[in-house]
Amino acid sequence: VEKFKKANLKSTLFIVGKDIKNKSIQSYIFHAINDGHEIANHSFEHSNRFSTLTDKMFQAEVQKTNDAIYSAFGVSGSQL
C-alpha cells in the first residue's frame, strides 16, 4: 500500500475471507480502504477445488466473504 501511495496509484486488493479474522490483516485493510483502495472478494477459503463445488456452495463462499468484509469494515467488497 505504501508503494502505491508514493506512486499516487490506487489498487484493487483481493481479500480471502478467512484472513479477515487476523488483526494485522484487518489493520492493513483499514489502512488500504482509508487510502482509497478497492477491496475485492477472493472467496472465503480460497480452495484449490472450486471445480468440485456446486453452484450453491460457490455462491456461499462468495457471500460469506462479502458478509465478513461488510461486518469488519463497513464496506461492500467488489466481486471481480
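Listed conditions (1) on the phi > 0 side of the Ramachandran plot; (2) open to solvent by 100 Å² or more (accessible area, probe 1.4 Å); (3) of a type outside the set (A, V, I, L, M); (4) in contact (Cβ under 8 Å) with a residue 24 or more places away in the chain are all met by Lys10, apart from (1). Scanning region 42-60 for residues that are in contact (Cβ under 8 Å) with a residue 24 or more places away in the chain and open to solvent by less than 80 Å² (accessible area, probe 1.4 Å) yields a total of 3.
Just to verify a result, which residue in region 18-75, among those that are among the hydroxyl-bearing types (Ser, Thr, Tyr) and touching a helix residue (DSSP H, G or I) at 6+ places or on another chain (Cβ under 8 Å), is farthest from Ala7 (Cα to Cα)? Ranking the qualifying residues of region 18-75, first place goes to Ser47.
Has region 61-80 got at least one residue that is among the aliphatic types (A, V, I, L, M), in contact (Cβ under 8 Å) with a residue 40 or more places away in the chain and more than 16 Å from Ile20 (Cβ to Cβ)? Within region 61-80, one or more residues are among the aliphatic types (A, V, I, L, M), in contact (Cβ under 8 Å) with a residue 40 or more places away in the chain and more than 16 Å from Ile20 (Cβ to Cβ). The sole residue among Ser24, Ser43 that is modelled with pLDDT of 90 or more, hydroxyl-bearing (Ser, Thr, Tyr) and under 9 Å from the mean Cα position of the chain (by Cα) is Ser43. Scanning region 1-16 for residues that are over 19 Å from the mean Cα position of the chain (by Cα) and part of a loop (DSSP other than H, G, I, E, B) gives Ala7, Asn8.
State yes or no: is Ala60 in contact with a Lys or Arg (Cβ under 9 Å, 6 or more places away or on another chain) and assigned to a helix (DSSP H, G or I)? The answer is no for Ala60. Residue check: His42 meets all listed conditions (1) of a type outside the set (A, V, I, L, M, F, W, C); (2) more than 29 Å from Asn8 (Cβ to Cβ); (3) touching a Phe, Trp or Tyr at 6+ places or on another chain (Cβ under 6 Å) but one, namely (2).
Restricting attention to region 64-77 and to residues that are touching a strand residue (DSSP E or B) at 6+ places or on another chain (Cβ under 9 Å) and either surrounded by 15 or more Cβ atoms within 10 Å (Cβ to Cβ) or part of a helix (DSSP H, G or I) (or both), the residue that is modelled with the lowest pLDDT turns out to be Gly77.
The values are calculated or read from the model by the stated rules, or taken from the named source; none is laboratory data. Because the structure is a prediction, the values reported are computed rather than measured. Glycine gets a Cβ as well: all are built from the backbone with ideal geometry, and neighbour counts include every protein chain shown. Heavy atoms of the whole protein, side chains included, go into the accessibility calculation; ligands, DNA and RNA do not. Shrake-Rupley method; radii C 1.70, N 1.55, O 1.52, S 1.80 Å.
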